[in-house]
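A.B. asks: To start, I am sharing the structure in question, which I have written as structure tokens.
Bear in mind that the values in this text are calculations on the coordinates, not laboratory data. Everything numeric in this text was worked out from a predicted model, so none of it was measured. We place every Cβ from the backbone using ideal geometry, glycine too, and count neighbours over all the protein chains shown.
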There are 2 protein chains.
Amino acid sequence: MSVVVVGSVAFDNITSPSGSVENVLGGSGAFFALAASYFTNVRVVAVVGEDFTAEHEKVLTERGIDTRGIEHAKGKTFRWGGHYQENLNEAKTDFTELNVFESFQPHIPEEYLDSEFLFLGNIHPALQAAVRLEMDKVRLTGGDTMNYWINSARQELLETLRLVNVLLINDAEAKMIAGDASLPRAARKILAMGPQALVTKHGEYGATIFFREGAFGIGSHPFRAPALPIEEVKDPTGAGDSFAGGFMGYIASQGTLNREVLKRALFYGGVMGSFTVERFGTERLQQLSRAEIDARFQVFRELTHLD
Amino acid sequence: MSVVVVGSVAFDNITSPSGSVENVLGGSGAFFALAASYFTNVRVVAVVGEDFTAEHEKVLTERGIDTRGIEHAKGKTFRWGGHYQENLNEAKTDFTELNVFESFQPHIPEEYLDSEFLFLGNIHPALQAAVRLEMDKVRLTGGDTMNYWINSARQELLETLRLVNVLLINDAEAKMIAGDASLPRAARKILAMGPQALVTKHGEYGATIFFREGAFGIGSHPFRAPALPIEEVKDPTGAGDSFAGGFMGYIASQGTLNREVLKRALFYGGVMGSFTVERFGTERLQQLSRAEIDARFQVFRELTHLD
């Protein structure tokens, strides 16, 4: 099964206590696509500028990723610079140059229209909704958003939430959308807004999936997956998008939609995030094997399972 | 098997978004003892004042807790007042009256000296060490501490850490002791200071146990237990001490010391903490049944286990 991702492709400058890199491939679409590519066919919808070369595109196509939906526009690719201090949980932005991303209008190639899985990366909620409505065959839509849209485009975001089956956001975003400081209560409120499931990401503490009563099976019990305790996190950039890629990629690879699949997907999300942070940018995601991924899945299991 | 706890018994005034209570039973020793009492024999070493009545003591003795080590001193019992705002993770202290606790010199009754399990609650590290050295038969010592001792009595704390088998603290305390912002790295450094295992508590995200290479079995993989997502946390006071009580109580009930026992103990710690926060003070801990505890243990398992 194929998964389509709509998101950003970017060049990043990143500084962390482990070092510095410049102009490395980044963006939510790139991290997602690379992570998901170890599980299923991935199709990207994004926009890049003239500085995005065949060499850059090869990073994606070598992983079998379909890049026909990457529009090449006049101008420069989206650029972001940020740094992390001792507390690696928080990125400080040094600069953001939207460039060609500023007027991004996602265009879905006809060849993508038979896709059954869709991930709406963090773009304007009205664009997210438009993409979803264009894709008739989609069985499961995952979505991301951020504080900027929650504050500045709330009405459009609420419309989009009705079209999203699984929302993947962090704790602070969930509390902000719901206007509630209790995460389980915020989750219940968000599930009443549309999504059948909500994944909230807790950074170094893993993630929790909350199910709407009866969605994807019986009951309403949440499920938690850990994150891996890693001694040296080199660069947390893209961990959340890699999580989403592992999560959605695994689901698309299974085809069936039930709680057991979504729980395992939560583990695979954590696994892919744990690889990403071991190196700068997408470096680690470019050179994995499925055997390494499954070995780490076992580590995640041992980290949490009794007996 | 019996577990001895040395800690505080207090009266608390607490305000949270769910309400207010005054003069309720509290203190690390009381929470620990009540939580552990569902698993094993518990013996308390503490000090109280003249305002601590037979009625108060009955709360403990009704749970079969041995209170012969509770010294009744002239003066008033330790009193603490605090409040929680929307973010329930952090208590703001309104007042602290140490009273009889200020000059607390733990005295271990002779009848306690055959105990094989010991928990050193959060008191001056030199007092913790003295208690440990008095108790010849102890096979496993658990210990707690806090930022105040880490800063003001570091040398004594380092001495005490050599006598502690399992240190139970929160993430911030672990990072402070080790002087390292990475939790896994801080854990490794602390395990080199003495303890064979370190339990770091992550509040609403559960807890992780790190093992020194080869301690309690093979390998050095950590293990994570969740916390229960609870919609209305009424009062987080004592959750950490209840965690320690469930953890140590379960270990003492098993007798054998291996990783599987310690992992399950981590789950039981989370279970007891999850009950405590449902009501103010020790109220919930006074009226539990082992069946309720084991049912919640199953919920914790379902929250984390695949298949």
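A.B. asks: If the viscosity is 1.306 mPa s and the temperature 10 °C, what translational diffusion coefficient in µm²/s does Stokes-Einstein give for chain A when Rh comes from Kirkwood over Cα pairs?
C.D. replies: 83 µm²/s
A.B. asks: Taking only C-alpha pairs under 8 Å that are 6+ residues apart, what is the relative contact order of chain A in percent?
C.D. replies: RCO, chain A: 18 percent.
A.B. asks: If the only charges are +1 at each Lys and Arg Cβ and -1 at each Asp and Glu Cβ, what is the size of the charge dipole of the range B:219-307 around the Cα centre, to the nearest 20 debye?
C.D. replies: 300 debye
A.B. asks: Give, rounded to the nearest 20 debye, the magnitude of the charge dipole that chain A has about its Cα centre when Lys and Arg contribute +1 at Cβ and Asp and Glu contribute -1 at Cβ.
C.D. replies: 980 debye
A.B. asks: A further question on this structure: Given B:K76/B:K234; A:K175/A:K201; A:K201/A:K263; B:K175/B:K234; A:K58/A:K137; B:K92/B:K234, which pairs have Cα atoms separated by over 18 Å?
C.D. replies: The pairs that break the limit, which is 18 Å between Cα atoms, are B:K76/B:K234; B:K175/B:K234; A:K58/A:K137.
A.B. asks: Exposure proxy check: B:K76, A:K74, A:K137, A:K201 ranked by fewest other beta carbons within 10 Å? Don't jump to the answer; show the numbers that get you there.
C.D. replies: Values: B:K76 17, A:K74 7, A:K137 12, A:K201 27.
The fewest-first ordering by Cβ neighbours comes to A:K74, A:K137, B:K76, A:K201.
A.B. asks: Then there's this: Of all DSSP beta bridges located in the range B:1-66, what percent are antiparallel, nearest 5?
C.D. replies: On the way: 6 of 12 bridges.
Percent antiparallel among DSSP bridges in the range B:1-66 is about 50.
A.B. asks: Moving on to the next point. Report P(r) for the range A:47-128: all Cα-Cα distances, bin width 5 Å, range 0 to the bin holding the largest distance, values in whole percent.
C.D. replies: In order of increasing distance, the bins hold 3, 11, 17, 20, 21, 15, 9, 4, 1, 0 percent.
A.B. asks: Would you compute the Debye intensity of the range A:154-281 from its alpha-carbon atoms alone, equal scatterers and no solvent, and pass along log10 I(q)/I(0) at q = 0.09, 0.10 Å⁻¹ to two decimals?
C.D. replies: Evaluating at q = 0.09, 0.10 Å⁻¹ gives log10 I(q)/I(0) of -0.25, -0.30.
A.B. asks: So what's the gap between the Cα centers of the range B:7-42 and the range B:82-155, to the nearest angstrom?
C.D. replies: Going from one Cα centre to the other spans 14 Å.
A.B. asks: What is the residue of chain A with the smallest Cβ distance to the axis taking A onto B, and what is that distance in whole Å?
C.D. replies: Residue with the nearest Cβ, plus whole-Å distance, for chain A: A:Y205, 2.
A.B. asks: Another question, if that's okay. In terms of modelled amide H atoms, which long-range or inter-chain residues lie less than 5 Å from the amide H of B:N41?
C.D. replies: Here the answer is B:V3, since their amide H atoms fall under 5 Å of that of B:N41.
A.B. asks: Still on this structure: Looking at the range B:172-253, which GluC sites (Glu not before Pro) are DSSP coil and have at most 11 other C-beta atoms within 10 Å of their C-beta? Intermediate values should be presented prior to the final figure.
C.D. replies: Details: sites: B:E173, B:E204, B:E213, B:E231, B:E232; in loops: B:E213, B:E231, B:E232.
Filter output for the range B:172-253: B:E213.
A.B. asks: HN-Hα J couplings of the range B:208-219 from phi, Karplus 6.51/-1.76/1.60, θ = phi - 60°, integer Hz, Gly and Pro as x?
C.D. replies: 10, 10, 9, 10, 5, 2, x, 6, 6, x, 8, x
A.B. asks: With n ≥ 4 as the cut-off for DSSP H runs, can you work out [θ] at 222 nm for the protein assembly as shown, using -39500 (n - 2.57) per run divided by the number of residues, rounded to the nearest 500?
C.D. replies: -10500 deg cm²/dmol
A.B. asks: While we're on this one: Tell me, B:I150, B:I218 in order of fewest to most beta-carbon neighbours within 10 Å?
C.D. replies: In order of increasing Cβ crowding within 10 Å: B:I218, B:I150.
A.B. asks: With a 10 Å cut-off between alpha carbons and a GNM built on chain B, which of B:G238, B:G19, B:G270 moves the most?
C.D. replies: B:G19
A.B. asks: Just to be sure I understand the rule: take each whole DSSP H helix in chain B, project its Cα atoms onto its long axis, keep it if the span is 20 Å or more and its mean Kyte-Doolittle hydropathy is at least -1.0. Which ones pass?
C.D. replies: For chain B, where a helix must reach 20 Å along its axis and average at least -1.0, the hits are B:239-254, B:259-276, B:290-304.
A.B. asks: Next question, about the same structure. Determine, for B:S16, B:S28, A:S253, B:S220, the number of other Cβ atoms within 10 Å of each Cβ, and report the residues in order from fewest to most.
C.D. replies: Working: B:S16 22, B:S28 26, A:S253 18, B:S220 12.
Neighbour counts put them in this order, fewest first: B:S220, A:S253, B:S16, B:S28.
A.B. asks: Continuing with this model, one more query. Where nothing but the Cβ of Lys and Arg (+1) and of Asp and Glu (-1) is charged, how large is the charge dipole of the protein assembly as shown around its Cα centre, in debye to the nearest 20?
C.D. replies: Numbers: 58 positive and 78 negative charges, 169 e Å.
Here the size comes out at about 800 debye.
A.B. asks: Related question: Between copies, how far does the label point of B:E232 sit from its twins, in nm, shortest first, when each point is 7 Å from Cα along Cα→Cβ?
C.D. replies: Sorted ascending, the copy-to-copy spacings read 5.0 nm.
A.B. asks: In the range B:27-51, whose amide N lies under 11 Å from the spot 7 Å out along Cα-to-Cβ of B:A73? List them in ranges.
C.D. replies: B:46-50
A.B. asks: As I understand it, the dipole of the range B:3-88 uses +1 on the Cβ of Lys and Arg and -1 on the Cβ of Asp and Glu, about the Cα centre. Which of B:G81, B:L34, B:S20 lies farthest toward its positive end?
C.D. replies: B:L34
A.B. asks: Measure out, as a whole number of angstrom, how far apart the alpha-carbon centroids of the range B:207-232 and the range A:188-262 sit.
C.D. replies: Between the Cα centres of the range B:207-232 and the range A:188-262 lies a distance of 21 Å.
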